[in-house]
Each structure stands twice: as structure tokens, then as C-alpha cells.
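Structure, as C-alpha cells:
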Ligand code: UDP
């Protein structure tokens, strides 16, 4: 059929690789598996090299057009220490001022899919009668927490972190106060206000898609569907359509993959902290020592340490690839002493290719949701090292409910996890019987993910049902 006969939808992502990656995967899935023409609206920022490569990759399927929304200058509205959600919300708010004319110029797409932090789009779409779906890119338990937050906000006077008991999210596992996400730890600041603003608008969605699958988080899915609390909000229909993860374009001359080819099966610990994760200098030193003491193989994605913020690199990842010299900040002689067992690469690795390599035996991760899904999809057990956003909630779930991860003592917490503790968990996951059990469970999740995504599987069917219900279907050509 001609491109014009295809149904046409738009997908809009807020800035940051952690959002762009899953929204782009949703877009690809709509194009490839469901024959839809997608305009991917990209809010331009001081984009990283990795982001530009991703959105302008020659491997994007035909029928997926990237439409750049011009960059805006928000320098007068933010400062260097404006936290993530406030910064990206301000960016989105300013960037979306021309949204109405963009959607009209695109010929009014049949639907718009947005992430959690683009909710300003609801008003414009309502005006244009375009159904709008939120693709909630974190976990389902996180969505349940978000749906409960406006109630919690009304009912609780104090800071949530000062509550004497864990937060009882209806029908779900209680959330310990120390696991609460950064955005709700101080109710007086703009970060919280922006977060609550977006979350409170979630019920305006015509449906909420989730990057998870039913069998991975059965309790939370069941709760959102059946618990009276969510019914009375009312909660829009919820569709777990994941795990949608990116697939790296295989690079023939990739240093990491060539190195992994030479290592034994399941022997390497992959260490990467997402697109934004950064450690303090003291913590990076302990981590390096812990790796060295463990005498296990490792592949470390190194970032220049900073004491400023655990998400310091979120907005400019990849930028400093040429000036990032790990020798300058790893312990003296570390690279030399570990050269037989370790590989250190600056800033960014092809994470999915690494996780799918048979030599990769475990993943030390900040537990960002994409990283979590990528690890599960490839059956790799984890060392949970949550840093920011909702990662502490993810880590607890992976350790306590799914049983695929170990968390070093001292995380989450203040101060530094020492080298002996790091040595212990690295050995445990790569050498110990506990590691084998976690690997087995991770492989079960891998199988379960495959089943959900295949034709007839829960995730595939649910995405099809969104498309059918909203008649985002091919026009019958005569
Ligand atoms: N990523 C990557 N190479 C790296 C670090 C990260 O390819 O060296 C990718 C990773 O595969 C994932 C995304 O960046 O798809 C990070 O998303 P996540 O939700 O895990 O964390 P965030 O960056 O949002 O904190």
C-alpha cells in the first residue's frame, strides 16, 4: 500500500536517552509489526553523540520519520542545579509551544503516544480531537505508585520520607521510604511539583501503555486492573506491551565485542550505570579496587567521577568521549594490573550487544528500567546499584520479588560502599551458587519475555488491541 494509505500516528518523547530509547522502540514496533506510519517528534536539546546516532541511524525502518522540534533556549529558566524532571519539564513546556501547528502540518495524526513527562500535549490533542496514549516507560509497580501519589499528597502532611511506615500502594508491595524516588523526597521544591503535575494528569490519557509484561509484574498488573482504588480514579485502560528494548546495530570493529569473544562463557561482569549515572571519586576508587580484588573478569564503562550529582551525565552523555581518559581518575596502576582480566571503555558501550554476548555473566547496573529490561531479555543476573530517579524501587523489586539481583550492603544509603563488599557481591554473582540461582531465574524471565512478545503473546495482543480499539488501522483502499 502507498505510504499515504497507512494509518499515521505521532510519538513524542521528552529529552534523555532513557525516554527516547523506549519511545523509539514503540515507534519501530508500530511501523514494523503493525504497518503504521509514525512521525517521531524529537525535542531537540544539546543532544549527545549517542542520541544523534540513534535518531538518525540509517537502520530506522521505512515509515518512521524523525521530525525535529527546534531547540529552545531555556537558559534563563534553569540553572546548573535544576534537577532532572524540572529541567526536562521546562524544556518540554517551551518546546511544545508550536505543537498544535506541528500536528496540523503533519495532517493530524490518528493518535499521539507520549511519555510520562510530555503531558502538556494533552490539552492540544484534546483541542484537535487526537486520542493520546501515555507510554509509561518505567515499571508497572512504579505506575501504581504514581496513580496513588495524588491521594498520598492530599492525605499526608509530612514529607513522605519521614513516614513511620512504608507507603502502602493499593494492591501492591509496600514501598519503603528509603526507596522512594528522588522526585518525591522533598515536597517543597519544584522537582516535586513538576512530577506531581505530570502524574496527576495521567488519567487524561486514553490509555496507558507500559514497558513491562504481565508475567514479569503480575501483582501490580492485577492491582491496577482490579483493585477498587484504581477503578475509582478512574484509571484509563492499561496495556503492558513490553519489554520493548533497543537492538544495537552490530559493529564489526567493536572493541568490547572483540574482547568479549576471547573470554569464557558467563565469566564477565559488565559495569554500566545508564545514560546518566556517575559515581563520586571515592566510590569509583572503591569500585575499581573491588573489581580488582574479586579477580573476576570485567568490562567497565567509565565516566569521570563527580561529587555533584548521581545523574550528572544525563543530559550530555557521550559528549566527552574524546576527553574522557579513565587513567586520569581510576586508581594508579589499575589499568595495568587488571589488563589480563578487564577492559575499560570511556563513556558509552553498546550495552545490548554486550548483554547478549555469551561471555557476559552478570551486570552491575543502576537499575534504570531500560537496563533492567535489557538484562532480563538476555537472561543476565544483576548487581543492583541504584543511583537516582525510581531506581531504588526497581532494585528492591529485582532483589526481593524477582530474585535476579544482589544489592551490596550500603545501597541505598549515604557514604561509600567499600571494596570488600564489592568484591563479595562480584564473586557471589559470578562464582557462587547464589549467582547460578539468579542466572536461572533471569533465564526464566528471558523465556517469559519472548513468549509475551511473540504473535499471540500478551504484549503483542495488547498492542494490537489498542490499535484496533482506536481504529488506527489501514484505510481500505478501493
Ligand atoms: N546505554 C548504552 N550504553 C551505555 C549506557 C547506557 O547503550 O554505556 C543504554 C542502555 O542500553 C539503555 C539506556 O542507555 O537502553 C539507559 O536507560 P535506563 O533506563 O537504563 O537508564 P537511564 O539512562 O534512563 O538512567
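The values are calculated or read from the model by the stated rules, or taken from the named source; none is laboratory data. All of these numbers come straight from a predicted model, not from anything done at the bench. A quick note on method: Cβ atoms are made from the backbone with ideal geometry, for glycine too, and the neighbour counts reach across all protein chains shown.
For region 388-404, a tally of residues being away from the ligand (no atom under 16 Å from the Cβ) and outside any helix (DSSP H, G or I) returns 1. Scanning region 459-478 for residues that are modelled with pLDDT under 70, surrounded by fewer than 12 Cβ atoms within 10 Å (Cβ to Cβ) and closer than 17 Å to residue 37 by Cβ gives 475, 476, 477.
Wholly within region 208-309, which helices (runs of 4 or more DSSP H) include no fewer than the required count, namely at least 1 residues that are more than 28 Å from residue 401 (Cα to Cα) and modelled with pLDDT of 95 or more? Give the steps one after another, and end with the answer.
On the way: elements: 218-226, 228-232, 255-261, 281-294.
In region 208-309, 255-261, 281-294 are the helices (runs of 4 or more DSSP H) which contain 1 or more residues that are more than 28 Å from residue 401 (Cα to Cα) and modelled with pLDDT of 95 or more.
For residue 417, state whether it is surrounded by fewer than 23 Cβ atoms within 10 Å (Cβ to Cβ), at pLDDT 95 or above and part of a loop (DSSP other than H, G, I, E, B). Judged against the criteria, residue 417 is a match. Considering 117, 122, 145, 133, the condition of being at pLDDT 95 or above, part of a strand (DSSP E or B) and closer than 21 Å to residue 239 by Cα is satisfied by 133 alone.
For region 261-270: of the residues being under 22 Å from residue 348 (Cβ atoms) and more than 10 Å from the ligand (Cβ to nearest atom), which is farthest from the chain's Cα centre (by Cα)? Show your work before the answer.
To start, the set of residues in region 261-270 that are under 22 Å from residue 348 (Cβ atoms) comprises 261-263, 268-270.
Okay, now just the ones that are also more than 10 Å from the ligand (Cβ to nearest atom), so 261-263, 268-269.
Details: 261: 28, 262: 30, 263: 29, 268: 23, 269: 20 Å.
Top of the filtered list is 262.
Only residues that are out of contact with any helix residue (DSSP H, G or I) (no Cβ under 6 Å at 6 or more places or on another chain) and at positive phi were counted in region 330-375, giving 2. Of all residues in region 357-386, those satisfying the criterion of being near the ligand (Cβ under 8 Å from one of its atoms) and in a loop (DSSP other than H, G, I, E, B) are 366, 367, 368. With respect to residue 284, determine if the residue is surrounded by fewer than 16 Cβ atoms within 10 Å (Cβ to Cβ) and more than 15 Å from the ligand (Cβ to nearest atom). Considered against the rule, which asks whether it is surrounded by fewer than 16 Cβ atoms within 10 Å (Cβ to Cβ) and more than 15 Å from the ligand (Cβ to nearest atom), residue 284 comes out as no.
Results for (1) in contact with a helix residue (DSSP H, G or I) (Cβ under 7 Å, 6 or more places away or on another chain); (2) away from the ligand (no atom under 16 Å from the Cβ); (3) under 28 Å from residue 456 (Cα atoms), shown as yes or no for each residue.
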residue: 15; (1), (2), (3): yes, no, no
residue: 19; (1), (2), (3): no, no, yes
residue: 31; (1), (2), (3): no, yes, yes
residue: 36; (1), (2), (3): yes, yes, yes
residue: 63; (1), (2), (3): yes, yes, yes
residue: 71; (1), (2), (3): no, yes, no
residue: 75; (1), (2), (3): no, yes, no
residue: 80; (1), (2), (3): no, yes, no
residue: 84; (1), (2), (3): no, no, no
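Screening the candidates 131, 83, 109, 150 for the property of being under 15 Å from residue 23 (Cβ atoms) and surrounded by 15 or more Cβ atoms within 10 Å (Cβ to Cβ) yields one hit, 109.
Considering 155, 191, 159, which residue is surrounded by 15 or more Cβ atoms within 10 Å (Cβ to Cβ) and over 30 Å from residue 245 (Cβ atoms)? Walk me through it before giving the result.
Working: 155 fails: surrounded by 15 or more Cβ atoms within 10 Å (Cβ to Cβ); 191 fails: over 30 Å from residue 245 (Cβ atoms).
Going through 155, 191, 159 in turn, just one is surrounded by 15 or more Cβ atoms within 10 Å (Cβ to Cβ) and over 30 Å from residue 245 (Cβ atoms): 159.
Look at (1) over 30 Å from residue 184 (Cβ atoms); (2) touching a strand residue (DSSP E or B) at 6+ places or on another chain (Cβ under 9 Å); (3) more than 10 Å from the ligand (Cβ to nearest atom) and you find that residue 354 fails only one, number (3).
Scanning region 46-80 for residues that are surrounded by 19 or more Cβ atoms within 10 Å (Cβ to Cβ) and part of a loop (DSSP other than H, G, I, E, B) yields 47, 48, 72.
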